[in-house]
């Protein structure tokens, strides 16, 4: 597919409240741009408000256009977390949805009577060949090909983390995708199996697109020691780079540290990420109380949200990366750590096994003692070796990652190439 013959409209699915969405789109753009020029499409990035565009500044030089789609008053199309996806009463057309951090934070709490028309008009004006990723189904009368995206099926595995309303909403979205989407993208084969289990009959529409982190040269040009010193971090530490959401399972890490302290093994931990989970507003407070009760407030440094460049440098400087989640669609933390050649301590869940990063050990996420044993081993290795990062490990990982990024871009273009004929045959 020649570059100028396909114009891909990418819906910005992230902002400061859901940084994983920003990384997803940014890495996809870089992956596509890693391909030979004749295989690349034109890319139009569609954001719902000007403020969200700033999150994509690093990839703006790689795309043809960033366009802001807002309502007549200039407010966001996604207000208080409602994605595009309401029915337009005049035309019967349902507009594409783009998930943002506000969706992840406050999904569905407000009501918009009609979908705004600018997105539909934009697809025509920009002569877009397709829209991706759509997290709400468009109905069959929408005039442009659209590619659905299933971000994860956590609500089926851990219903206790969701309200009844949230579970019903997700089930409605995914069952509608199964019925209406021309093609559906999932990030893992584990998710594909889950989708077939709970929304059967759509396997012929499902496509697996496992994303990968595209490392930037500037990551290796900065000094991680200087970044760590700026945050007053200890000489050696392990890092947890997750939002403080209940399924991310920070509690297991803190309980493992308390167990290790009884063995006179003091592991220093650094945490980055948002501190609020709308599903469990008191979750972070409970964790903070646990640290205070066990006198670990100096042992665990909680930095909150920090610039992406700083997070990367702190990950480079870390002795290991812990990813303790109960559930992931496809872990961006694991992909970041893989790209940097880091040692990893991972929860033993199907997606982490499928990602299968080198230099990793696994533990039962419901067993803090198992995590304590793994951390003790990693800490011994860290104490015995030279302070990270290792240039040899980073360069070896970079070579492998560059090929993974090319494969990621090719796979996206394969799916995009399928979409047109599937759409035409509907």
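Tell me yes or no: at least one residue of region 242-255 is touching a residue at least 40 places away in the same chain (Cβ under 8 Å), more than 26 Å from residue 163 (Cα to Cα) and not in a helix (DSSP H, G or I). Within region 242-255 (the criterion being touching a residue at least 40 places away in the same chain (Cβ under 8 Å), more than 26 Å from residue 163 (Cα to Cα) and not in a helix (DSSP H, G or I)), the answer is no, since none of the residues qualifies.
Residue 353: surrounded by fewer than 16 Cβ atoms within 10 Å (Cβ to Cβ) and out of contact with any helix residue (DSSP H, G or I) (no Cβ under 8 Å at 6 or more places or on another chain), yes or no? The answer is yes for residue 353. Considering (1) outside the structural domain of residue 316 (by TED's automatic domain parsing); (2) exposed (fewer than 15 other Cβ atoms within 10 Å of the Cβ); (3) over 20 Å from residue 46 (Cβ atoms), the lone condition that residue 187 does not fulfil carries the number (2).
Only one entry in 260, 209, 233 is at pLDDT 95 or above, closer than 20 Å to residue 288 by Cα and either buried (at least 22 other Cβ atoms within 10 Å of the Cβ) or touching a strand residue (DSSP E or B) at 6+ places or on another chain (Cβ under 7 Å) (or both), namely 233. Of the residues making up region 187-200, those that are free of Cβ contacts under 8 Å to residues at least 40 places away in the same chain and either within 25 Å of residue 304 (Cβ to Cβ) or in contact with a helix residue (DSSP H, G or I) (Cβ under 7 Å, 6 or more places away or on another chain) (or both) are 196, 199.
Is it true that residue 203 is without any contact (Cβ under 8 Å) to a residue 40 or more places away in the chain, surrounded by fewer than 16 Cβ atoms within 10 Å (Cβ to Cβ) and under 28 Å from residue 32 (Cβ atoms)?
So residue 203 fits the description; yes.
Okay, residues lined up against (1) part of a helix (DSSP H, G or I); (2) out of contact with any strand residue (DSSP E or B) (no Cβ under 8 Å at 6 or more places or on another chain); (3) assigned by TED's automatic domain parsing to the domain that holds residue 341:
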position	(1), (2), (3)
371	yes, no, yes
377	yes, no, yes
380	yes, yes, yes
394	yes, yes, no
413	yes, yes, no
417	yes, yes, no
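Got a sec? Which of 301, 295 is exposed (fewer than 15 other Cβ atoms within 10 Å of the Cβ), over 18 Å from the mean Cα position of the chain (by Cα) and over 18 Å from residue 212 (Cα atoms)? Every option except 295 fails the conditions. Within region 156-178, the set of residues being free of Cβ contacts under 8 Å to residues at least 24 places away in the same chain and surrounded by 20 or more Cβ atoms within 10 Å (Cβ to Cβ) comprises 170 only.
The values are calculated or read from the model by the stated rules, or taken from the named source; none is laboratory data. Every value quoted in this text rests on a predicted model; they were computed, and no experiment measured them. FYI the Cβ positions are ideal-geometry reconstructions off the backbone, even for glycines, and counts take in every protein chain you see.
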